[in-house]
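Q: Got a structure for you, written out below as structure tokens; questions coming shortly.
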Amino acid sequence: MDKGSKLDFTGQHIYIGMDIHKKSWSVSIHTEHFEHKTFTQPPEVKKLAYYLQRNFPGATYHSVYEAGFSGFWIHDQLTQEGIRSMVVNPADVPTKHKEKAGKADKVDCRKLARTLRSGDINGIYTPSRTEVEDRHLIRTRQSMVRKQTRCKNQIKAILFFYGIPFPEEGHWSRNFINRIETTRMERASGDLALKAHLEELKHLRQIIAGLNKAILALSRTDTYRDKVLLLRSVPGISTLTAMTLLTELYDISRFSSLDKLASYAGLVPDIRSSGETEYTAGITHRRNPALRTVLIEASWVAARKDPALIIAFNKFSLRMKKTKAIVHIARKLLNRIRFVLMNQERYVPAVV
């Protein structure tokens, strides 16, 4: 190269596979035909961007990493630095048996760069920071409710362990909890243990109440108000359920069909085949857990309120368990949800 000439990769593409960890990143950089370099660097986007701009000025940069604990902030910063970023589901990355047997960070990032270059990989939807934070609020409430349930079960277990009758009336109301507080063990140590669980329960109830208020306020903002009202026209959909749906689905138009939406929610069978033999191994394990849970819960309500769903549930229940029948109802409910959001129309129950 002549002295003073400058590198120019304009029109060329550079592919970067990244294996993300807390304290370091394994990075593999590939050109259109060869592997350029595989190395470990500190977890800083700007360092990677500087390396690319210095060694491949003018090129179009493409990066990929697997979704996980790091969320999407790396994707956001890569995009800001002019690097086209893709986030993928780890289960979607084509992996050879040799790569599984010899799993290592450098192997993983090379694999990602190679599949990105060949076009054998598709990215997942990457929500904005605002969307992620709204979803986090809803998921935090779900987490606190699970903790509250665990706490209640622990209190019941303590009472049962000591043969203390468990009050049946006013289940977990304020008066109900006050009655449990009047229970006395034989020693102060036992009283203290029970009191600790009751204090935790009260604290969790306060947290959940505060989160409920915050979610209600969020549902009344311009971002969600109209969509929440549309969804609430569907039997079985409350404000909280509507907010869960909206923050988990984001943009309903990204699902081109009901089948793809049902697959994302985990409401499709896990079909396996070998040769001419094909069988169903139950409902798929691949799903959005929060979305499938709220759809199943809403379906139990809808199956009692929507005339068409009542009839459908009764028919399904004649040939399968109710717990399986409700999955079919959930898919029908999801179809109603999709119609309402896609067409921006309130749901009108069919005349049976």
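Q: Might you check whether a residue that is touching a Lys or Arg at 6+ places or on another chain (Cβ under 8 Å), surrounded by fewer than 19 Cβ atoms within 10 Å (Cβ to Cβ), closer than 29 Å to Leu52 by Cα and among the hydrophobic types (A, V, I, L, M, F, W, C) occurs anywhere in segment 77-88?
A: Checked segment 77-88: no residue is touching a Lys or Arg at 6+ places or on another chain (Cβ under 8 Å), surrounded by fewer than 19 Cβ atoms within 10 Å (Cβ to Cβ), closer than 29 Å to Leu52 by Cα and among the hydrophobic types (A, V, I, L, M, F, W, C).
Q: Take the conditions more than 29 Å from His75 (Cβ to Cβ) and among the polar types (S, T, N, Q) and apply them to Thr223. Does it pass? Steps first, answer last, please.
A: Numbers: more than 29 Å from His75 (Cβ to Cβ): no; among the polar types (S, T, N, Q): yes.
No: the conditions fail for Thr223.
Q: When Ala91 is evaluated against the numbered criteria (1) surrounded by fewer than 15 Cβ atoms within 10 Å (Cβ to Cβ); (2) among the small types (Gly, Ala, Ser); (3) in contact with a strand residue (DSSP E or B) (Cβ under 7 Å, 6 or more places away or on another chain), which criterion, by number, is the only one it fails?
A: In the conditions (1) surrounded by fewer than 15 Cβ atoms within 10 Å (Cβ to Cβ); (2) among the small types (Gly, Ala, Ser); (3) in contact with a strand residue (DSSP E or B) (Cβ under 7 Å, 6 or more places away or on another chain), Ala91 misses (3) alone.
Q: Does any residue in segment 324-337 that is over 9 Å from Ser299 (Cα atoms) come within less than 9 Å, Cβ to Cβ, of a residue that is charged (D, E, K, R) and part of a helix (DSSP H, G or I) six or more places away or on a different chain, and which pairs are these?
A: Ala325/Lys315; Ala325/Arg319
Q: Find the residue count for segment 65-95, including only residues that are of a type in the set (Val, Ile, Thr) and within 16 Å of Lys47 (Cα to Cα).
A: At the first step, the residues of segment 65-95 found to be of a type in the set (Val, Ile, Thr) are 74, 79, 83, 87-88, 93, 95.
In the following step, the residues that additionally are within 16 Å of Lys47 (Cα to Cα) were identified as 74, 79, 83.
Total satisfying the criteria: 3.
Q: Can you list the helices (runs of 4 or more DSSP H) lying wholly within segment 204-273 that have 1 or more residues being polar (S, T, N, Q)?
A: 239-249, 258-265
Q: Moving on. Quick check on this structure: which one of Ile155, Ile177, Ile121 is among the β-branched types (Val, Ile, Thr), touching a helix residue (DSSP H, G or I) at 6+ places or on another chain (Cβ under 7 Å), within 30 Å of Pro94 (Cα to Cα) and surrounded by 16 or more Cβ atoms within 10 Å (Cβ to Cβ)?
A: Answer to the selection: Ile121.
Q: Determine, yes or no, whether Ala308 is farther than 24 Å from Glu248 by Cβ and either among the aliphatic types (A, V, I, L, M) or part of a helix (DSSP H, G or I) (or both).
A: The answer is yes for Ala308.
Q: For segment 332-352, give me the residue count where each residue is over 20 Å from Tyr250 (Cβ atoms) and surrounded by 12 or more Cβ atoms within 10 Å (Cβ to Cβ).
A: Selection size over segment 332-352: 4.
Q: Can you pull out the helices (runs of 4 or more DSSP H) entirely within segment 83-191 that have at least 1 residues that are at pLDDT 85 or above? Outline the logic, then answer.
A: Working: elements: 97-101, 105-118, 129-161, 174-181.
Because the criterion is at least 1 residues that are at pLDDT 85 or above, the helices (runs of 4 or more DSSP H) in segment 83-191 that meet it are 105-118, 129-161, 174-181.
Q: Of the conditions (1) free of Cβ contacts under 8 Å to residues at least 24 places away in the same chain; (2) in contact with a strand residue (DSSP E or B) (Cβ under 7 Å, 6 or more places away or on another chain), Ala104 clears all except one; give me its number.
A: (2)
Q: Turning to a different aspect of this structure: Determine if segment 30-37 includes at least one residue that is within 28 Å of the chain's Cα centre (by Cα), part of a loop (DSSP other than H, G, I, E, B) and either modelled with pLDDT of 95 or more or not assigned by TED's automatic domain parsing to the domain that holds Val87 (or both).
A: no
Q: Further question on the same structure: Which one of Gly68, Gly58 is within 28 Å of Phe255 (Cβ to Cβ) and either without any contact (Cβ under 8 Å) to a residue 12 or more places away in the chain or surrounded by fewer than 13 Cβ atoms within 10 Å (Cβ to Cβ) (or both)?
A: Among Gly68, Gly58, only Gly68 is within 28 Å of Phe255 (Cβ to Cβ) and either without any contact (Cβ under 8 Å) to a residue 12 or more places away in the chain or surrounded by fewer than 13 Cβ atoms within 10 Å (Cβ to Cβ) (or both).
The values are calculated or read from the model by the stated rules, or taken from the named source; none is laboratory data. Every value quoted in this text rests on a predicted model; they were computed, and no experiment measured them. Please note: Cβ atoms are built from the backbone with ideal geometry, for glycine as well, and neighbour counts cover all protein chains shown.
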